[in-house]
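What follows is a short report on a single structure.
The values are calculated or read from the model by the stated rules, or taken from the named source; none is laboratory data. Keep in mind the model is a prediction, meaning the values are calculated, not measured. A quick note on method: Cβ atoms are made from the backbone with ideal geometry, for glycine too, and the neighbour counts reach across all protein chains shown. The area values use the complete protein model at the heavy-atom level, side chains included, leaving out ligands, DNA and RNA. Shrake-Rupley method; radii C 1.70, N 1.55, O 1.52, S 1.80 Å.
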Amino acid sequence: MKINKNFFIQGIILFLLLLSSLLFSQNIVGDWKHLTSHLTTNDIEIVGNKIFAATGGGFLNYNISDKKLKIFGKDNGLTKLDVKCLGKDSFGDIWLGMDNPDGEINVWNIESERVIQVFNEKVWDEKLIAISSICFYKNHAFAACQWNVDQGILYFGIIDGKYVYKDYYFNFPNDFSAINSIDVFNDTLFLSTNSGLFIADLIQNDLKPPEGWQLVKSSEDQNISNTILYKNKIITGIEATLYKIVDNQLEEFFTVPHLINELRTENDKILIATKGGLFSLSESTLTEIGGKNVLSVKSDNDENYWCGTENNGIWFTDGENSEYHIPNTLHTNIYTSLLIDENDQLVAASKSGISFFSDLGIKNILRTNNYIGISDHSDENWNSFIADSLNFSNSSRIFSIVKRSDQTYFASLFGSTINDNTKAGLLKFNEDDLASYETFDTTKGVLSSSEGMGGNERFLAPANLKFDKHENLWVINQNAQNGNVVAVLKPDDSWVHFTVNESNHYLNPLISTIDFDSQGRVWFGSLTYTGLFNANGGIAVLDYNGTLEDKTDDNWYYINSRHGLASNTIFSIVFDHDGVLFILTDKGFQRAEISSNFPSTFFAKIDLPILSNLSFLKEPEIKVDAQNNKWIPTSDAGVKVYTNDGVWLNNYEGFTVNNSEILSNNILDIAFNKSKGLVYIATNKGISIYKSQYDKVKKKYNSLTIFPMPYKIPSEHSLIIDGLLPKSEIKIMTIDGTFIRHLTSTDNTVRGSQGFWDGKDHNGNYVSSGVYICMAYTADGDAISDKIAIIQQ
């Protein structure tokens, strides 16, 4: 039977188009995504039936008509995600002021739902720290900003139909360290600061010199919330009291029950946003409307109130009914421990709770005092915030979270306090049976308090947790009063302890890190300290000869700067997949090869330290990915990556806010989805997810994933050929075998497990519509082929 070639090709294209519609969104090597919290809404703007909210994790839009809540982030053009304040300009666009450490302004177009203009250091030639308030007056705009430690005002005007930056004002008659609000009434600018209220006449005054400003009498050293115009009087808030300005002096007006966050006017009423909720004041009558932790408030055309809140999303009330609008989100931006479980799902822990990530969405466990709230989430709306509550102690951080093969989680509540009603110490729970959670504390001597070691008889400091190959859980008990600085939970739930005395004092109360070598020895790194007790730091090594309970055959060894360590202050130690030890100290990063004659000689080789000019936190650890690359967290310089080939990624820079989309340079933890090559990086601004080329190495080809299909050319984005073996090359050919293009790592068209084709042949010309053959192969002869459908537009 004769087959029509064109008809055959068209049929394949239609089939691939259908297949493409069934595939989920793919990740491309080099892509960044972010997980942030939208619980706290810092500011509110209302335009028609749309409510806009500034959050620490992006920009929200709630549509009153269809009751849909949208989250906007970097995919929509936002340059940063920590949005502090909002303002609506004369064109109807929304200005977004970004918080510490990147003081930028994004101009948001409501119709296109995109950022249409950015004001940043490229515009004003200085890196600003934060934008705290935005105000519009006629054809002018003012933005409060922080530059280094100085506070000031940016000034914008309209030229040729758009706002342009024109000037700045940084000279004031008195010092202050924060600007809370900028407001303009009757051609006068009011600057509310944490050390007084300043005013300037916009018609007559030059705002450049200090003489252009006037400090309202008796407001000096007062923290001013903001100013409003109410019945021809300027009203401001200080702590829990409203004041009016009379003859350039503050005069007490009214006192409310809670600290004032913001004042607004509505008709003949003053709206008062406070920590205790929303209030209205009419004449001398104060009415409690409701809510809690209200940061900002606006009223819509129907005189309903829309409020930004701390940790409760957007709060709505019509005076009688109320509801919270909270998306499915994280409970915080600051996670101190990350875990990828056996199903490649992320678990993130913070001092305020734990978040679980699944294909459905995010579920949170929140820490509470004296309250347990557990729900059945089987029929949950995963578009909204989901959380259970457990009663356990507040802590400075969850130092580590780990998971046992029986689905039991353990989390160390570092800096937790035992009391009669709240659990502390080492948290143990099963996600599917939260009601049975428990903690290990000083009961039966499992953990030791820090009495006499900087704490008290109720204060616990469990730190690092790590499972060995026998699934013994090793628990570091810092500042242990009785010297039991290491506790080991065996699989049968019995405990074994190791003390400072048993280790010949090689261990100390400030163990900071733990790992296991291929011989079953346990390595402990410690900090140095002189004060209430002495800690010599260094590395202690335990060889317990496979018998945890039998201490008679234990051997202890001690390694310090005399053996080549750059410092005895050890932040992290880790063995890579080849058994090489990597050490992070306050003096930098070192590589050490363990001697075959250990313990006669500890190291066959130890390198001199590098990265010695950087700052590191003492808690985050070096992490090793699927391809044996080392990821080193820093406190203010991002993530440094030392590859298995001995090369420093990006010429020692790794990933920083200057060369990547990482949310912050302050790195708190790192974890890997090794099968997909995803790197989860916890920062103080949220979790960044990087699609790396370092996924788990496959042994042979099974299949390729090619997207998008069909591939329409020309295109701004390359076709992705995913699932390559290491050191693969790709050839593109026609159906009859005619050579089209060769893709290799040399020309950067192959990066790790992915190949990139722009639809052009080897001469740089776009190919014709049709079906092409893609063949991927290695030098060892492993090969696979697949089809690519091309449509030329």
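Excluding ligands, DNA and RNA, what is the solvent-accessible area per residue of segment 411-453 at a probe of 1.4 Å, expressed in Å²? Don't jump to the answer; show the numbers that get you there.
Details: 1820 Å² over 43 residues.
Accessible area per residue: 42 Å².
What is the antiparallel percent of DSSP beta bridges lying wholly in the chain, to the nearest 5? Spell out each step's value before the answer.
Numbers: 237 of 249 bridges.
Around 95 percent antiparallel, to the nearest 5.
Of ALA604, SER561, ASN628, which is farthest on the positive side of the dipole of segment 561-660, counting Cα position, with +1 on Lys and Arg Cβ, -1 on Asp and Glu Cβ, and the Cα centre as origin?
With unit charges placed on the Cβ atoms, the residue in question is SER561.
Roughly how many Å² is the accessible area per residue of segment 593-644, as a whole number, for a 1.4 Å probe? If you can, show how the numbers build up before the last one.
Values: 2180 Å² over 52 residues.
With the other protein chains kept in place, segment 593-644 gives 42 Å² per residue.
Highest mean first, how do 698-708, 226-236 rank when packing is the count of other Cβ atoms within 10 Å averaged over residues? Spell out each step's value before the answer.
Values: 698-708: 13.9, 226-236: 18.2.
Sorting 698-708, 226-236 by mean packing, highest first, produces 226-236, 698-708.
Between SER280, SER296, SER352, whose Cα lies farthest towards the positive end of the dipole of segment 260-413 when Lys and Arg beta carbons carry +1 and Asp and Glu beta carbons carry -1, centred on the Cα centre?
Of the options given, the answer is SER352.
For ASN109, project a label point 7 Å along Cα to C-beta. Then give me every residue of segment 50-76 with its amide nitrogen under 15 Å of that point.
Residues 76 qualify, since their backbone N sits under 15 Å from the label point.
Could you compute the FRET efficiency for HIS577 and ASP247, with r as their C-beta to C-beta distance and R0 at 56 Å, rounded to 0.05? Let's see the in-between values first.
Working: r = 76 Å, r/R0 = 1.35.
The pair HIS577/ASP247 has a calculated efficiency of 0.15.
Once fully extended, how much extra length lies between TYR652 and GLU211, figured as 0.36 nm per residue of separation less the alpha-carbon to alpha-carbon distance?
Details: separation 441, 0.36 × 441 = 158.76 nm, distance 4.89 nm.
Fully extending the segment from TYR652 to GLU211 adds 153.9 nm.
Between LYS233 and ASN370, what's the calculated FRET efficiency when r is the beta-carbon distance and R0 is 41 Å? Round to 0.05. Please list the in-between numbers first.
Values: r = 45 Å, r/R0 = 1.09.
Given R0 = 41 Å and the Cβ-Cβ separation, E is 0.35.
Label-point separation (nm) for ASP736 and SER284, each offset 7 Å from Cα along Cα-to-Cβ?
If labels sit at ASP736 and SER284, their model points lie 9.8 nm apart.
Per residue of the chain, what 222 nm ellipticity follows from adding -39500 (n - 2.57) for every DSSP H run with n ≥ 4, rounded to the nearest 500?
Details: 2 runs with 22 residues, N = 793.
Only helices count here, giving -1000 deg cm²/dmol.
Could you pull out the chymotrypsin sites (Phe, Trp or Tyr not before Pro) across segment 343-412 that fall in loop regions by DSSP (anything but H, G, I, E, B) with no more than 12 other Cβ atoms inside 10 Å?
In loop regions of segment 343-412 (DSSP not H, G, I, E or B), the sparsely surrounded chymotrypsin sites (Phe, Trp or Tyr not before Pro) are TYR371.
With a 1.4 Å probe and all protein chains left in place, how much accessible area per residue does segment 72-116 have, in Å²? Mind showing how you got there, number by number?
Working: 1570 Å² over 45 residues.
Result: 35 Å² of accessible area for each residue.
By a straight-distance test (C-alpha under 18 Å), which lysines pair with LYS74 as possible cross-link partners, with residues fewer than eight away in the same chain excluded?
Those lysines meeting the cut-off are LYS33, LYS84, LYS685, LYS691.
What FRET efficiency, computed as 1/(1 + (r/R0)^6) with R0 = 56 Å and r the Cβ-Cβ distance, is obtained for LYS699 and ASN613, rounded to the nearest 0.05? Before the final figure, lay out the partial values.
Working: r = 41 Å, r/R0 = 0.73.
It comes to 0.85.
Please state the Cα pair-distance histogram of segment 246-376 with 5 angstrom bins from zero: what percent is in each bin?
Calculated over all Cα pairs of segment 246-376, the distribution is 2, 9, 15, 16, 15, 11, 10, 9, 6, 4, 2, 1, 0, 0 percent.
Leaving out ligands, DNA and RNA, what percent of the accessible area of the chain is carbon and sulfur, probe 1.4 Å? Don't skip to the end; give the middle numbers.
On the way: 15480 of 34870 Å².
Carbon-and-sulfur percentage of accessible area, whole number: 44.
Could you compute Rg(Cα) / (2.2 N^0.38 Å) for segment 42-113, with N its residue count? Write down the numbers at each step before the final one.
On the way: Rg = 11.3 Å, N = 72, 2.2 N^0.38 = 11.2 Å.
Against the empirical 2.2 N^0.38 Å value, I get 1.01 for segment 42-113.
ASN311 versus HIS717, label points 7 Å from Cα toward the beta carbon: distance in nm?
3.8
Please give the solvent-accessible surface of ASP636 in Å², to the nearest 10, using a probe radius of 1.4 Å with every protein chain present.
90
On the principal axes of its Cα set, how long, how wide and how thick is segment 37-167? Give whole Å, largest value first.
42, 33, 23
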